[in-house]
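Down below is the structure, laid out as structure tokens.
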């Protein structure tokens, strides 16, 4: 069943989008530090995703998938990222790339007495 048309909700979204550009919060150092905490960021993101979905389980799954994508798979510093080491070295993100294939052939050449 479709949700009913809610002009107040639509109006508040438009006002938030326009007003967010002009808001100036003067946060204390403690508040800035608190907002950088991973748990607080998770809760804020969870609340933002929960608003349109309104289902706890679906929201939790979406937030977990988002965090996996952002902090694991697309994070070049994480062990399980999706980028090849050769690409990361070419871009200058990592300094040294030890190609296992080259190491294997070098070791075979050392062992080979022919």
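No lab work stands behind these numbers, since they all come straight from the coordinates. This is a predicted model, so every value here is computed, not measured. Neighbour counts run over all protein chains shown; Cβ positions are idealised from the backbone, glycine included.
Axis of helix 38-53 versus longest Cα principal axis of the chain: the two differ by about 60°, to the nearest ten degrees. Applying D = kT/(6 pi eta Rh) to the chain, where Rh is the Kirkwood radius over alpha-carbon pairs, T corresponds to 25 °C and eta to 0.890 mPa s, the Stokes-Einstein value obtained is 126 µm²/s. Taking the average, over residues, of other Cβ atoms within 10 Å as the packing measure, peptides 80-86, 27-33 rank 80-86, 27-33 from highest down.
The packing ranking of peptides 42-55, 12-25, highest mean first, is 42-55, 12-25, where packing means the average number of other beta carbon atoms within 10 angstrom of each residue.
Classify the stretch 28-82: rounded, prolate or oblate, from the alpha-carbon gyration tensor (a ≥ b ≥ c, eigenvalue square roots; a/c under 1.5 rounded; otherwise prolate if a/b is larger than b/c)? Oblate, since a/c reaches 1.5 and b/c is not below a/b. Computed from Cα atoms, the angle from the helix 7-20 axis to the main principal axis of the chain rounds to 60 degrees. In the chain, the longest principal axis of the Cα atoms and the axis of helix 100-111 are about 10 degrees apart.
Helical content alone sets the calculated 222 nm signal of the chain at -18000 deg cm²/dmol, taking -39,500 (n - 2.57) per DSSP H segment of four or more residues and averaging over every residue.
In this label model, residue 27 and residue 109 are separated by 5.4 nm, measuring between points 7 Å along each Cα→Cβ vector. Label separation (residue 95 vs residue 73): 3.1 nm, computed from points 7 Å beyond Cα along the C-beta direction.
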